[in-house]
Amino acid sequence: MTSTINRLGIDLVDLDDLRARLNETLVRRILSSNEHRRYEAIKDADRKLQFLAGRFAAKEAYTKAYRTFESPLNFSDVDIDTDKTGAPVLRSPYRSGDTVHVSISHTKHHAVAVVWVESDTQKDTHEELKL
């Protein structure tokens, strides 16, 4: 018998804090090569920061949803693109068989992301908390 395990992660990023730490090394640690190309194409500095903060929040939320991975997670291996409607789509080599839903939002001061993961217990090797 199979059942679905649902996991939820959320993260909030303060744009001023990210701006204070912003450098190319940090950008390359957060963004995949695809995301980096999109980031570099953005001309407005505020929009560029929002893009980076949203991707960072989504990847943090993704890690929080799982708590652990079998191998170390590199944010640059996780790619967040958009579908034809503009909604974010997360692609990852980690636990690639799971269904991952992501939502990203931002204001002038913050970016927030929520990640909801659905995985089949037959293929899930993560030990769940027993309640």
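A few remarks follow.
- ASN23 being under 15 Å from the mean Cα position of the chain (by Cα) and at pLDDT 95 or above: no
- Of all residues in region 106-120, those that are farther than 26 Å from LEU49 by Cβ have Cβ atoms under 6 Å from Cβ atoms of residues that are outside any strand (DSSP E or B), 6 or more apart or on another chain, in VAL117/ALA65; VAL117/ASP98; SER119/ASP98; ASP120/THR2.
- Just one of (1) surrounded by 11 or more Cβ atoms within 10 Å (Cβ to Cβ); (2) at pLDDT 95 or above; (3) over 15 Å from the mean Cα position of the chain (by Cα) fails for THR85. It is (1).
- Test: residue in region 43-50 that is surrounded by 14 or more Cβ atoms within 10 Å (Cβ to Cβ), closer than 12 Å to HIS106 by Cβ and of a type in the set (A, V, I, L, M, F, W, C): yes
- ALA61 vs. criteria at pLDDT below 95 and touching a strand residue (DSSP E or B) at 6+ places or on another chain (Cβ under 8 Å): no
- Of all residue pairs spaced 6 or more apart or on separate chains, those with beta-carbon atoms under 6 Å, a first member in region 49-63 that is in contact (Cβ under 8 Å) with a residue 12 or more places away in the chain and a second member that is surrounded by fewer than 24 Cβ atoms within 10 Å (Cβ to Cβ) and hydroxyl-bearing (Ser, Thr, Tyr) are PHE51/TYR39.
- Check on LEU15, aliphatic (A, V, I, L, M), crowded, with 16+ Cβ neighbours inside 10 Å and either in contact (Cβ under 8 Å) with a residue 24 or more places away in the chain or farther than 28 Å from THR4 by Cα (or both): yes
- Meets criteria (in contact with an Asp or Glu (Cβ under 7 Å, 6 or more places away or on another chain) and not small (Gly, Ala, Ser)) for PRO93: yes
- Comparison of SER92, SER96 shows that the only residue that is more than 28 Å from ASP16 (Cβ to Cβ) and buried (at least 17 other Cβ atoms within 10 Å of the Cβ) is SER92.
- ARG29 vs. criteria under 19 Å from ALA87 (Cβ atoms) and among the basic types (Lys, Arg): no
The values are calculated or read from the model by the stated rules, or taken from the named source; none is laboratory data. Model, not experiment: these values are computed from the prediction. Positions of Cβ are generated from backbone atoms using ideal geometry, with glycine treated the same way; all protein chains shown enter the neighbour counts.
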